[in-house]
Amino acid sequence: MIATTATTQLADDVMTTVACNLCGSSRERLITVQSAYRVVRCAGCGFVYVNPRPDEATLERLYLKYLPDKMIDPLSWDSYMNEVFSKAASYLSARLPDNATLLDVGCGYGFFLSCMKAKATSRVKVSGIDVSKTAVSYAAGRGLDVQLGTLDTIKFADNSFDAITMFYVLEHIPDPTRALKEARRILKPGGALFLRLPHTTPIVRILSLCGIKNNLYDPPFHLNDFSAETIGRMLTKAGFENVHTFIGGTTSPPGAMTRVMTKTFGLVAETLYLMSFKRFTLPGVAKNTIAYKGK
Ligand SMILES: [Zn+2]
């Protein structure tokens, strides 16, 4: 999924109130209001989400602005994500069997697919899906096996893939538990789900303490904010096993100051992770989570 910022028209939105997607509770505490959307924390389990939020039809309309035909420059997206994609491809390539199949959900321009092809050569057959026509035609033009759609609209057969990847996708999905269950259904027994997720809440807390206004939750496009704990519990609820969260590199934002800060926090996070014998993942930095469908 490719992120750009867009102004929303709240007055036109049809809003819907939801219960916590992780535990079903309707008890919530307000964290903040950004772009006129309430970001809340579930009082039952701590999951952070936007509530109320635009209904699915309104979201589709808003995404026409979020994913315009002329999206961000593909090459700048490639350099933004390059380190994360490269590390993920090495990680997966070392774990997948010969002749494995991989589906990248929200593949965008296909840069991860290219990276995976380069690392795994012909050992892994890679394909992707995305909701953006522009991105899909760009990726197809580079010879990649991609199609337009979502897990909901393209009903893949049971047990289709050895691995599914989702880079910065699950925070956009209104019903992430259902998406995880669908991913599990189409994974082969023993198959791996690889997620990359932002974790915004700790940063918003720090900025709020400093009195700095921000729109980091990016509502209503980001509807969920996952900690290592909440994504772990959601994956377990969806039937996954052997869940493990790790840092897996950092993005390279375009501004020099932002890039230095991102790289510094990423380095600190990676060091703490290794020093804790791969147990501690620093809150507030984006991370990878891997989970498996049982055999
Ligand atoms: Zn909850």
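Would you compute, for the Cα atoms of segment 118-263, the largest minus smallest coordinate along each principal axis and list the three values in descending order, in whole Å?
50, 37, 28
Quick check on my link table: of 125/295; 87/125; 65/263; 87/293, which ones sit more than 24 Å apart, alpha carbon to alpha carbon?
In this structure, 65/263 exceed 24 Å between Cα atoms.
Mind listing the long-range amide H neighbours of residue 16? Cut-off is under 5 Å, sequence gap 5 or more, other chains count too, H placed in the peptide plane at 1.01 Å from N.
Amide H to amide H, under 5 Å and 5 or more residues apart or across chains, residue 16 pairs with 53, 55.
Sum up the charges of everything whose Cβ sits under 14 Å from the Cβ of residue 39, counting Lys and Arg as +1 and Asp and Glu as -1, but leave residue 39 out.
So the environment of residue 39 carries a net charge of +2.
Please compute the length gained on full extension between residue 175 and residue 125, using 0.36 nm multiplied by the number of residues separating them and subtracting their Cα-Cα distance.
Result: 15.1 nm gained on full extension.
Taking the chain as a whole, which cysteines find no other cysteine Cβ under 4.7 angstrom from their Cβ?
Among the cysteines of the chain, those whose Cβ sits 4.7 Å or more from every other are 107, 115, 210.
Please give the calculated 222 nm ellipticity per residue for the chain, where each DSSP H segment of at least 4 residues contributes -39500 (n - 2.57) and the sum is spread over every residue; nearest 500 deg cm²/dmol?
It lands at -10500 deg cm²/dmol.
Taking a ≥ b ≥ c as the square roots of the eigenvalues of the Cα gyration tensor of the chain, is the shape rounded (a/c under 1.5), prolate (a/b larger than b/c) or oblate?
rounded
Nearest 0.05, what FRET efficiency do residue 17 and residue 83 give at R0 = 30 Å with Cβ-Cβ as r?
Calculated transfer efficiency: 0.15.
Using the Karplus curve 6.51 cos²θ - 1.76 cosθ + 1.60 with θ = phi - 60°, work out ³J(HN,Hα) for each residue of segment 239-256 in order, rounded to whole Hz, and write x for Gly and Pro.
3J(HN,Hα) across segment 239-256, in whole Hz: x, 7, 10, 6, 7, 9, 10, 8, 7, x, x, 10, 7, 10, x, x, x, 4.
Report ³J(HN,Hα) in whole Hz for each residue of segment 26-38, in order, from the Karplus equation J = 6.51 cos²θ - 1.76 cosθ + 1.60 where θ = phi - 60°; Gly and Pro get x.
9, 7, 9, 10, 5, 8, 6, 10, 10, 6, 6, 9, 7
State to the nearest 20 debye the size of the charge dipole of the chain about its Cα centre, where the only charges are +1 on K and R beta carbons and -1 on D and E beta carbons.
Roughly 760 debye for the chain.
Which whole-number percent is the relative contact order of segment 157-255 (Cα, under 8 Å, 6+ apart)?
Rounded, it is 32 percent for segment 157-255.
Read phi for every residue in segment 120-132 and hand back ³J(HN,Hα) as whole Hz from Karplus 6.51 cos²θ - 1.76 cosθ + 1.60, θ = phi - 60°, with x for Gly and Pro.
These are the phi-based 3J(HN,Hα) values: 9, 6, 8, 5, 10, 8, 10, 8, x, 10, 7, 8, 9 Hz.
We did not get these values from a lab; they are worked out from the coordinates using the rules stated. Given the structure is predicted, the values throughout are model-derived calculations rather than measurements. A quick note on method: Cβ atoms are made from the backbone with ideal geometry, for glycine too, and the neighbour counts reach across all protein chains shown.
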